[in-house]
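Okay, here's the structure, questions in a sec.
No value in this document is a laboratory result; all are computed from the given coordinates. None of the values given here were measured: they were computed from a predicted structure. A quick note on method: Cβ atoms are made from the backbone with ideal geometry, for glycine too, and the neighbour counts reach across all protein chains shown.
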Amino acid sequence: MGILVTFIITLDDGLASWQAFFAFNLKKAFSAMSGDKHIAYLDNGDSTQVLPEVVDAMLPYLTESYGNPASLHMLGLAAEEALDESRAKIAELINARPAEIVFTASATESNNIALEGLRRQHPDKKHVLISPVEHASVRNVVKRMEKQGLVELDELTVDDNGSVSADSLREKLRDDTLFVSIIHGNNEIGTVQDLPALAELVHEQGAFLHADCAQTLGKMPVDVRALGVDLASFNAHKLHGPKGVGALFVRKRLKLRRLLEGGPQEQNLRPGTENVPAIVGFAKAVEIAVRDMDTVIPQVNELTQQLAERLLEIPHVRLNGPEVGSKDRLPGNLNVTFKYIEGEAILMSLNYGGVYVSSGSACSSRSLVPSHVLTAIGLLHEEAHGSIRYTLSRLNTQADVDLAVEQTKVAVDRLRAMTAFIPEEHSERESEHAKTFYKQKKEKLD
Amino acid sequence: MAIKYTQKVIDEFTNPENVGELDDANAVATEGSPACGDMITYNMIIDPETKVIQDIKFRSYGCASNIATASMASKMAKGKTVDEIKKLRAKSVTEELEGLPAVKIHCSVLAINGLKSAIRKWEEDNGFVDPQAPVVTEELVHESLRDVINPETGLSLVKMNMVRHIEVDENKVFVEILVGETDEMFYENIAEETREHLEALPGVVDATVKLTEVPVGK
């Protein structure tokens, strides 16, 4: 280290580029010595890094044009213009009208406004349908309605890839079905639903279709008209935008009862001063994602496919969800089960090795129950416990994939060497027993 | 929710001691199951004369804290007598690890119960105690609920006064748990953990768990 430093100090001024080159290597040498290691962030399904272009677009609305868009003076006007432009831009990119966009604080809030808003508007229609692979912000909203006796709730069925069965939708739709809520791209196993076909069935029956598009926006074309949705939820932080901002598409002429009382902001559906800097960042992030989609998505798909292939070489590994890189799966999403070991332990091992991922195991969930998505596609509890989700974005590199593969192999080998779960001792019959056992438990609980 | 482990837990998880099994073990027990997501198997060699645990190894299927508690419990047991282990409490393992998050307290209970199960089996095999007669009593049920941890607080259902009613009808057990003060997201876990502990009791064939939301007198 000392030699390098001396070398740079004595470098001739004319050799600026050499100096930069050595300074760069010095930085690398320093980080190697200080234990600073390469980090592979593979949890982009949870949140993403905000792109510098997005930050640049946002900053003026924090420090210069900081007015309230409802104010009548020039600073208010500047904020209102930014808001209008952002709304128009997002509307255009999803083939909606600006007046159909309601800005919210998250996709979770959008889901709540959509579903609870519909229920309050139509108290006479008692039946609601959801897929069994919904995000908690849909699932828990309708479960609460059911518990309070406000609706009758039915769940659709999915195949072992998580695709909603059109037949089950046909069977379960009723004359008094108010809405059907289906997640466009599943956050855990990446399943992309065939919404246009399902929308047709929903509308034939006179019900509304809501889709949670939090994971699909920016990763594939999202055209609300082509999808046939009446309501759709979005957010910014899954596509390199800021946290704390989302949007709800509400089809023209569709009426919702609002949940909060206050001012007339956001088509009278979401009172409260708009988060202008975040909304500007949101619009910028969508713009960049759509602009670069043709180059970025194949690159993300290629890295994800490579990661999948290399991980599936490990013995006793199962791919959860549709084929990686296919049109039925979110780009960048990979979910695998490493049998006979537990996901939280894998996640923690990877964490200490500089690889950040998530898991569907009971131990890594706050509620200590395994992922309902993984059990819905037929995984045994012990298979759900061993699941790891890797989600890649445009910012991931070959080095990230290499580190993830290397660290995963180390973690899996180490944990399998000490596992108490000896497969021969737990025959298929016992697994079957465990499955029925838990099913009965669940039924009793429900 | 990010899980924040103490450095002790991280060290114990990344470098556990006493991993494996013993060919000449005279006390072996497994606690937990794959479906539950945590399981520990202990192998011990207990000296029949001195009742000292001469050697101990463990295998663990579970999260980082499961592995850390299993390793720590094995270190605490090594060289101790059977009677000393019987007095050991889950809390001591937690303290030795400089604390565990509330949702992980159940790991230390599993680790201690693993040690105690192995000892119990050894005592039965060597005629120190009569094999447990499969008579289910309300007291036994109540005792077993001391090992069911409310993940929100890290305290047992008994300690939190959540056990409202116990009924025993020969080999059938009915238990009512008050969950009014607990976050709804933990209901499923509490129901499963309770049932699992009841069904593990010798002689229990059928266990019914009822969760009640409204506390008495409210």
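Taking amide H atoms as placed 1.01 Å from N in the peptide plane, list the residues 5 or more away in sequence, or in a different chain, whose amide H sits under 5 Å from that of A:Thr191.
A:Asn186, A:Leu330
Highest first, please rank the peptides A:348-359, B:99-110, A:197-208 by the mean number of other Cβ atoms sitting within 10 Å of their residues.
Most protected by this proxy first, the peptides run B:99-110, A:348-359, A:197-208.
Under a crude label model (7 Å from the Cα following the beta-carbon direction), how far is A:His203 from A:Ala399 in nanometres?
Spacing of the two 7 Å Cα→Cβ label points: 4.9 nm.
Per q in 0.14, 0.16, 0.26, 0.27 Å⁻¹, report the Debye log10 I(q)/I(0) for region A:312-394, using one uniform scatterer on each alpha carbon and no solvent.
-0.45, -0.59, -1.36, -1.41
A follow-up question, please. Here are some pairs, A:Lys143/A:Lys238; A:Lys147/A:Lys243; A:Lys284/A:Lys327; A:Lys147/B:Lys210; A:Lys126/A:Lys172; which of them have Cα atoms lying more than 20 Å apart in this structure?
Among A:Lys143/A:Lys238; A:Lys147/A:Lys243; A:Lys284/A:Lys327; A:Lys147/B:Lys210; A:Lys126/A:Lys172, the Cα-Cα distance tops 20 Å for A:Lys143/A:Lys238; A:Lys147/A:Lys243; A:Lys284/A:Lys327.
Rg(Cα) of region A:279-357 divided by 2.2 N^0.38 Å?
With N residues counted in region A:279-357, Rg over 2.2 N^0.38 Å equals 1.35.
Right, here's the next one. Give the span of region A:185-332's Cα atoms along each principal axis, as three whole-Å numbers ordered largest to smallest.
For region A:185-332, the Cα spread along each principal axis is 58, 41, 28 Å.
Please report Rg (one decimal) and Dmax (integer) in Å for the Cα set of region A:293-445.
Calculated on Cα positions, Rg and Dmax stand at 16.1, 51 Å.
Ok, one more. For the residues B:Phe174, A:Phe282, B:Phe58, B:Phe128, what sequence is obtained by ranking on other C-beta atoms within 10 Å, fewest first?
So the residues, fewest neighbours to most, are B:Phe128, B:Phe174, B:Phe58, A:Phe282.
While we're looking at this one, here's another question. May I ask you to sort B:Ile149, B:Ile10 by Cβ crowding, counting other Cβ atoms within 10 Å and putting the fewest first?
B:Ile10, B:Ile149
Run the numbers for A:Ser71 and A:Lys252: contour at 0.36 nm per residue of separation, minus the present Cα-Cα distance, in nm.
Using 0.36 nm per residue and subtracting the Cα-Cα distance, I get 62.5 nm.
At 0.36 nm per residue, minus the direct Cα-Cα distance, what do B:Glu199 and B:Lys91 gain on full extension? Give it in nm, one decimal, please.
Going from the current span to full extension adds 36.5 nm.
What do the square roots of 5 times the Cα gyration tensor eigenvalues come to for region A:103-178, in whole Å, largest first, as semi-axes of the equivalent ellipsoid?
21, 17, 10
Here is a follow-up. Starting from the alpha-carbon convex hull of region B:138-212, give the projected area averaged over all orientations, in nm².
Over every viewing direction, the Cα hull of region B:138-212 projects on average to 4.2 nm².
How large is the convex hull of the C-alpha atoms of the protein assembly as shown per residue, in Å³?
198 Å³
Right, next: Charges only on Cβ, +1 for Lys and Arg, -1 for Asp and Glu: so what's the dipole of region B:138-212 about the Cα centre, in debye to the nearest 20?
140 debye
Then there's this: Given the alpha-carbon gyration tensor of region B:13-71, what are the semi-axes of its equivalent ellipsoid in whole angstrom, ordered largest first, with each equal to the square root of 5 times an eigenvalue?
Calculated on Cα positions only, the semi-axes equal 23, 13, 8 Å.
Within a 10 angstrom radius of each residue's Cβ in B:19-27, how many Cβ atoms of other chains show up on average? Whole number is fine.
Per residue, the average neighbour count from other chains is 1.
Only Cα pairs under 8 Å and at least 6 apart count here; give the relative contact order of region B:7-125 as a rounded whole percent.
30 percent
OK, next. Consider all pairwise Cα distances in region A:41-193 and report the whole-number % of them above 21 Å.
61 percent
In chain B, how does Rg compare with the Kirkwood Rh, expressed as the Rg/Rh ratio over alpha carbon atoms?
Using Cα coordinates only, the ratio equals 0.98.
Now a separate question. What is the list of residues in region A:322-354 whose amide nitrogen lies under 17 Å from a point 7 angstrom out from the Cα of A:Ala136, following Cα to Cβ?
In region A:322-354, the label zone of A:Ala136 (backbone N under 17 Å from the point 7 Å along Cα→Cβ) covers A:344.
Let me ask another. Can you tell me the dipole magnitude for region A:293-445 around its Cα centre, using point charges on the Cβ only (Lys, Arg +1; Asp, Glu -1), in Debye to the nearest 20?
Here region A:293-445 has a charge dipole of around 540 debye.
Of A:Val192, A:Gly353, B:Asn189, which is farthest towards the positive pole of the protein assembly as shown's charge dipole, taken about the Cα centre with +1 and -1 on the beta-carbons of Lys, Arg and Asp, Glu respectively?
A:Val192
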